[in-house]
1. In segment 354-392, how many are within 10 Å of ligand 1 (Cβ to nearest atom) and under 13 Å from Ala262 (Cα atoms)?
2. Report whether or not Lys237 is within 27 Å of Ile380 (Cα to Cα), within 12 Å of ligand 1 (Cβ to nearest atom), in a loop (DSSP other than H, G, I, E, B) and modelled with pLDDT of 95 or more.
3. If only one of Ile368, Ile336, Ile376 is within 11 Å of ligand 2 (Cβ to nearest atom) and either crowded, with 20+ Cβ neighbours inside 10 Å or under 19 Å from Ala284 (Cβ atoms) (or both), which one is it?
4. It is to be established whether one or more residues within segment 151-166 are within 10 Å of ligand 1 (Cβ to nearest atom) and within 24 Å of His377 (Cα to Cα).
5. So if I check each of Gly201, Gly219, Gly188, which one is among the small types (Gly, Ala, Ser) and within 24 Å of Asn363 (Cα to Cα)?
6. With the condition kept exactly as written, say whether any residue in segment 244-259 is assigned by TED's automatic domain parsing to the domain that holds Ile297, in contact with a Leu (Cβ under 6 Å, 6 or more places away or on another chain), assigned to a helix (DSSP H, G or I) and not aromatic (Phe, Trp, Tyr).
7. Just to be sure before I move on: is Ile55 among the hydrophobic types (A, V, I, L, M, F, W, C), crowded, with 24+ Cβ neighbours inside 10 Å and touching a residue at least 12 places away in the same chain (Cβ under 8 Å) in the structure I sent?
8. Does Lys155 fit the bill of being without any contact (Cβ under 8 Å) to a residue 40 or more places away in the chain, basic (Lys, Arg) and loosely packed, with under 15 Cβ neighbours inside 10 Å?
Amino acid sequence: MKPDLFEAPDYYNIDDLLTEEHKLIRDAARAWVKRDVSPIIEDAAQKAEFPKSIIPGLADIGAFGPYIPVEYGGAGLDQISYGLIMQEIERGDSGVRSTASVQSSLVMYPIWKYGTEEQRKKYLPKLASGEWMGSFGLTEPDHGSNPGGMVTSYKDMGDHYLLNGAKLWISNSPFCNVAVVWAKNEEGRIHGLIVERGMEGFSTPETHNKWSLRASATGELIFQDVKVPKENLLPNKTGLGAPLGCLDSARFGIAWGAIGAAMDCYDTALRYAKQRIQFGKPIAAFQLQQKKLAEMITEITKAQLLALRLGQLKNEDRATSAQISMAKRNNVDMAIKIAREARQILGGMGITGEYSIMRHMMNLESVITYEGTHDIHLLITGFDITGENAFK
Ligand code: TGC
Ligand code: FAD
């Protein structure tokens, strides 16, 4: 892969709206991605391997639990800092951002928000340091967009719970130490359970042959009569709203992360267009290429402003789930369109691993599907503005 020459676009001087602390955090993450992610990520993606060597670095930049209080090992930062860290990581690779999103918003968040003090103290510091890695099991083979239909269930056996079922498409599953698993009790109510690797009957086979998110490990979570200690139940929130609350936090991070992937594609295409000579002049001089680049920076700028305003609302605890859905949907769609256009600007070179664009483009096919598909988020907005629920 070519050396990482990334220069972040900031067409509307959005940096002026950030605090010095935001910029320091963002710049530290940016420098780390340049130094430790960019040189290895293409090889990891080609080999379809998650590069475990970057786990300590992710912990060091505060990517595991950015907003989790310091007393539990988190970084105690605000939501805009969290977003900026996700943006920088996804600038490197969406799969690496996935690992951080799952660890922070889908594993640490539910333990912090819905767990007991004992659970917080036992799990959060180890997850924040990367000593333990987590996964989040909501999706099932027959229940993706409709997680409320899940069939994974547990029975109360008196001194423990007995868990049965299977989860599919689970990021980090093949190497996770713990999994936050959503399952129904005997009354059909959804609860979260912390399942630990090593529990008898718990297995995590890897899903192979992905063309997308190749530097992130994806797999299944299979439970065959797994005895889960009663103290591993998350007691403080039940029902589908519990996992969906975690998704709000992760979707917020994705709305920022997608900007990172888009910025990288734009920056790469702009540099290439200025250098590549055809018909005696740089291709950047042709109006068709200028149209592509001008539209890219316009869309990136709009997405940056959307994310920043959402971050302000989230800091004030005023962001609604529907507002988060709109930002996730818009910004991922923006990024995937920019990746496709940027790839064309590079001509044949765009399909090679010399440049990051094709990898971003393929990664974003997962990002537009997970954490609620493009269609589902549109229907969430539709429900919010009309009051008519298309899911029922
Ligand atoms: P519905 O009846 O509307 O709601 C059930 C309960 O949940 C509440 N609720 C929410 N709570 C918090 N946050 C949200 N975003 C919420 N949305 C709904 C709702 O108020 C209700 O509460 P209550 O107290 O009345 O029971 O549920 P529904 O069955 O009609 O489904 C609604 C729908 C389709 C929007 C929802 O299920 C959905 O979002 N589906 C998409 C599924 C999804 O996003 N899966 C993601 C799996 S995890 C993942 O992809 C990780 S990828 C990670 C990575 O690698 O980065
Ligand atoms: P389906 O729900 O079967 O949808 C198929 C198509 O039908 C989509 O286009 C969808 O938009 C459309 N559709 C569905 N319902 C409607 C409707 N009501 N109206 C209109 N159109 C509709 N899940 C986890 O729990 N944890 C993870 O860590 C995780 N990581 C993932 C990593 C990767 C790489 C991928 C690809 C997925 C991951 N997922 C994870 C699962 C992801 O959240 C689901 O794939 C996603 O929610 C969609 O579910 P599905 O694939 O079953 O598609």
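The values are calculated or read from the model by the stated rules, or taken from the named source; none is laboratory data. Because the structure is a prediction, the values reported are computed rather than measured. Neighbour counts are summed over all protein chains in view; Cβ atoms, including those assigned to glycine, are modelled from backbone coordinates with ideal geometry.
1. Of the residues in that region, 1 qualify.
2. Judged against the criteria, Lys237 is a match.
3. Residue meeting the stated conditions: Ile368.
4. no
5. Of Gly201, Gly219, Gly188, the one residue that is among the small types (Gly, Ala, Ser) and within 24 Å of Asn363 (Cα to Cα) is Gly219.
6. Yes; the residues of segment 244-259 include at least one that is assigned by TED's automatic domain parsing to the domain that holds Ile297, in contact with a Leu (Cβ under 6 Å, 6 or more places away or on another chain), assigned to a helix (DSSP H, G or I) and not aromatic (Phe, Trp, Tyr).
7. no
8. When the stated conditions are applied, Lys155 passes them.
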